[in-house]
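**Student:** Following this message is one structure expressed as structure tokens.
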Amino acid sequence: MFNLPQALKRLVIGRAMRSEELGETLLPKRLALPIFASDPLSSVAYATGEILLVLTLGGTAFLYLTPWIGAAVIALMAVVVLSYRQVVHAYPSGGGSYEVVSTNLGANAGLVVAASLLVDYVMTVAVSVASGVDNIISAFNGLADYRVALALGFVVLLTAMNLRGVRESGKAFAAPTYLFIGGILLMVVTGAVRVVFGDDPQSPSAAFGVSAQDGKGTLAGLGLLMLGLRAFASGCTALTGVEAISNGVPAFRKPKSRNAATTMAVMGLTAVVMFAGVTALAMTTHVHYVDDACRLVGLSGDCHGYTQQTVIAQLASTFLGGDHSLPFYFIQAVTALVLVLAANTAFNGFPLLASILAEHRYLPRQMHTRGDRLAFSNGIIALAVVAGALLWFYDANVTSLIHLYILGVFTSFTLSQIGMVRHWNDVLRTRTAPAVRGAAQRSRVINGVGAVTTALVLVIVLITKFTQGAWLAVVAAVLLWLMMRGIRRHYDAVSDELAIVDPREETVRPSKVHGIVLVSKLHKATLRALGYAQAFRPDSLEAVTVSVERDATRELAARWEEFEVAVPLKVLDSPYREITKPVVHYVREYRRGNPRDAVAVFIPEYVVGHWWEQLLHNQSALWLKSRLLFTPGVMVISVPWQLSSAPRADHPARRAPGAVRRGEPTPGSDIPEPERI
């Protein structure tokens, strides 16, 4: 029988893969780079713009700070990349910052990092997709009204690609990432050559002046310092996703640590060159980029209807032939594409981290389960749902979303570097070989500098962005931390409760087993349930029915006698026409009177073949099960009867090996709802 949902699933994510095929999904460096490093590489497209966006709050007077802030961001990126290369070598199992901090600073500190990273991964998807949509709108202004729909559509596309597996998503995303790198480098080299040879190109926005926000035009002293720090904090978005490689080491081919460290070095060098080039060209061509187009002086027409081009779009227009040239559209296309695909860093990092947390019992165990394509499907879907909700709530606006960003990144940066310093201290206490001690001392210095630097940046980000919306990210991380602690307490309590103390006490048999078969009518399903109950050989057995309609009950009793059913029939009165309460009350009263006995309740059920047939049968058995399962000493046993519309197991020619047909009970699933008892 053709199964449309299953066919659509295979079309979207491909054939199911065996567990033994996991090794085939491991990544060479050329695919690992676009998968794990697309976020920090693509942030080149908006990091410079975020710096300019803050500095132009004071008009054009403070744009001279741009190269200094850019240099600070580059220095910070170098420190972080060098620091995380130490993490990759020291902790190759893939826990990244979470494993480093949990091992060296304790479980609670590790959960702080985990919560911060999970929040930041969500923000990576939201900001990257929203920024990608901005670049599309820069090329095609008519799409501005469809901003949210485009963003949500890209999230759905990314989800589908990642559900197909890490290796396949890497193949799909590799070309756009490398085209973006090539396009930006081409634009930077072209611009540098023109400037060196005396050309003085001007960006499209250079002709506009910028009016300062109220009170921002004459900043000095502390006010100027805070503006510079705020611009630096916004520029630090260039560092988001750097830690993803340290989380994804298990996905690399052997030697895993060396390949991951090499990939991280290539990523850092490439990102620094592109960011420095874009920032230098933006300063040379006098790009003016503001938070509100109405602050542009000299703009003709209605400022509210004016769509600002991104920094990348303005540079491409300046150096590659204008707004309608083929190179301009190429840069805009690959930039938009790589920004959307930058979210793929989070789609790989979030599920990996969630699976580790689930393995440690801090998240639901389903997060540790691999899907048909050996990807952590539940983590991928959870990330997509939350990120999609943020994009919808904030109208896919980068400026609004960016304030929630990077706080979690620098929390994990700082704690992981402190943890690495403690790790190297332990190495120096226990190892005596000169070569090992020398390497540990060098690494400790690198991580120590990283800890101090990232801690300072964390304070700056917290101060400058907290009132701008970063408090929401703090609240989300705290709630997530509390939730993970609660999940761990639950799993620990269940484990303690199920732990075997005395095997002899736990295996004591009940005095006897009393069987109860629930009956609504006397038909084939009822007789099968009676026969099944008798096959269990309980010490006592009775059939129980609830008298809702007296005539129907009298007819049932008459037929019971007519067919000479050997099992006695017990009738429970129900003056208020309820079914569940009388049965539950009867079973519980029996247990109170016979606390050492076990009760086995057999429920005959219909199995139908179509979803709409479920609507034709009520849900009494479902309610009965849910109530009876909370009663100690009571076992609930479903006895299915497959109706003619249900696919049957006795047609092997129509069944694929190991297939489970619609309507059949499957291991671990609920049995379809029955006819009324």
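**Student:** So, in segment 484-513, of the ones that are β-branched (Val, Ile, Thr) and modelled with pLDDT of 80 or more, which residue ends up farthest from LEU111 (Cα to Cα)? Don't jump to the end; show me each part of the working.
**Tutor:** Filtering segment 484-513 down to residues β-branched (Val, Ile, Thr) leaves 487, 494, 500-501, 507-508, 513.
Now narrow it down to the ones that are modelled with pLDDT of 80 or more: 487, 494, 513.
Working: ILE487: 12, VAL494: 21, VAL513: 47 Å.
Per the criteria, the residue is VAL513.
One line per residue, one yes/no per condition, for (1) in contact (Cβ under 8 Å) with a residue 60 or more places away in the chain; (2) not polar (S, T, N, Q):
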| position | (1), (2) |
| --- | --- |
| SER205 | yes, no |
| LEU222 | no, yes |
| LEU227 | yes, yes |
| THR237 | yes, no |
| ALA244 | yes, yes |
| GLY268 | yes, yes |
| GLY277 | yes, yes |
| ALA280 | yes, yes |
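**Student:** Can I ask one more? With modelled with pLDDT of 75 or more, assigned by TED's automatic domain parsing to the domain that holds MET267 and outside any helix (DSSP H, G or I) as the only criterion, which of PRO92, PRO67, PRO40, PRO34 stands out? Write out each step before concluding.
**Tutor:** Working: PRO67 fails: outside any helix (DSSP H, G or I); PRO40 fails: outside any helix (DSSP H, G or I); PRO34 fails: outside any helix (DSSP H, G or I).
Selected residue: PRO92, the only one of PRO92, PRO67, PRO40, PRO34 that is modelled with pLDDT of 75 or more, assigned by TED's automatic domain parsing to the domain that holds MET267 and outside any helix (DSSP H, G or I).
**Student:** Okay, moving on. Residue by residue through segment 294-312, note down the ones that are part of a helix (DSSP H, G or I) and surrounded by fewer than 24 Cβ atoms within 10 Å (Cβ to Cβ).
**Tutor:** Within segment 294-312, CYS294, ARG295, CYS303, HIS304, GLY305 meet the criteria.
**Student:** Of a type in the set (Val, Ile, Thr), part of a helix (DSSP H, G or I), in contact with a strand residue (DSSP E or B) (Cβ under 9 Å, 6 or more places away or on another chain) and farther than 28 Å from THR262 by Cα: does that describe THR60? Write out each step before concluding.
**Tutor:** Numbers: of a type in the set (Val, Ile, Thr): yes; part of a helix (DSSP H, G or I): no; in contact with a strand residue (DSSP E or B) (Cβ under 9 Å, 6 or more places away or on another chain): yes; farther than 28 Å from THR262 by Cα: yes.
It is false that THR60 is of a type in the set (Val, Ile, Thr), part of a helix (DSSP H, G or I), in contact with a strand residue (DSSP E or B) (Cβ under 9 Å, 6 or more places away or on another chain) and farther than 28 Å from THR262 by Cα.
**Student:** Here is a further query. Hey, among ALA271, ALA293, ALA333, which residue is at pLDDT below 80 and among the aliphatic types (A, V, I, L, M)?
**Tutor:** Working: ALA271 fails: at pLDDT below 80; ALA333 fails: at pLDDT below 80.
Checking each option against the conditions leaves just ALA293.
**Student:** Also: Quick check on segment 252-266: of everything there that is of a type in the set (A, V, I, L, M, F, W, C) and in contact with a Phe, Trp or Tyr (Cβ under 8 Å, 6 or more places away or on another chain), which residue is surrounded by the fewest Cβ atoms within 10 Å (Cβ to Cβ)?
**Tutor:** Residues of segment 252-266 that are of a type in the set (A, V, I, L, M, F, W, C), as a first pass: 252, 260-261, 264-266.
Now drop any that are not in contact with a Phe, Trp or Tyr (Cβ under 8 Å, 6 or more places away or on another chain), which leaves 260, 264.
Details: ALA260: 30, MET264: 27.
Checked segment 252-266; the qualifying residue surrounded by the fewest Cβ atoms within 10 Å (Cβ to Cβ) is MET264.
**Student:** Scanning for something modelled with pLDDT of 85 or more, of a type outside the set (Gly, Ala, Ser), outside any loop (DSSP other than H, G, I, E, B) and in contact with a strand residue (DSSP E or B) (Cβ under 7 Å, 6 or more places away or on another chain), does segment 621-628 turn up at least one residue?
**Tutor:** yes
**Student:** A follow-up question, please. Considering every residue within segment 491-504, establish whether at least one is in contact with a Phe, Trp or Tyr (Cβ under 9 Å, 6 or more places away or on another chain) and of a type outside the set (Val, Ile, Thr). I'd like the intermediate steps shown before the answer.
**Tutor:** Taking segment 491-504 and keeping what is in contact with a Phe, Trp or Tyr (Cβ under 9 Å, 6 or more places away or on another chain), we get 491.
Keeping just the survivors that are of a type outside the set (Val, Ile, Thr) gives 491.
There is at least one residue in segment 491-504 that is in contact with a Phe, Trp or Tyr (Cβ under 9 Å, 6 or more places away or on another chain) and of a type outside the set (Val, Ile, Thr).
**Student:** Kindly list the number of the only condition in (1) buried (at least 21 other Cβ atoms within 10 Å of the Cβ); (2) of a type outside the set (D, E, K, R); (3) not in a helix (DSSP H, G or I) that fails for THR432.
**Tutor:** (1)
**Student:** What are the residues in segment 514-557 that are closer than 18 Å to VAL607 by Cβ, at pLDDT below 90 and of a type in the set (Gly, Ala, Ser), if any?
**Tutor:** SER520, ALA525
**Student:** Against the condition without any contact (Cβ under 8 Å) to a residue 24 or more places away in the chain and aliphatic (A, V, I, L, M), how does ALA621 come out, does it pass? Step through it out loud before you land on a result.
**Tutor:** Details: without any contact (Cβ under 8 Å) to a residue 24 or more places away in the chain: no; aliphatic (A, V, I, L, M): yes.
No; evaluated as a whole, the condition is false for this residue.
**Student:** Is it the case, given these coordinates, that SER234 is among the polar types (S, T, N, Q), in contact with a Gly (Cβ under 6 Å, 6 or more places away or on another chain) and in a helix (DSSP H, G or I)? Talk me through it step by step, then tell me what you get.
**Tutor:** Numbers: among the polar types (S, T, N, Q): yes; in contact with a Gly (Cβ under 6 Å, 6 or more places away or on another chain): no; in a helix (DSSP H, G or I): yes.
In short, no.
The values are calculated or read from the model by the stated rules, or taken from the named source; none is laboratory data. Note that the structure is predicted; figures quoted are calculated from it, not measured. When we count neighbours, we look across all protein chains shown, and the Cβ atoms used for this are built from the backbone with ideal geometry, even at glycine.
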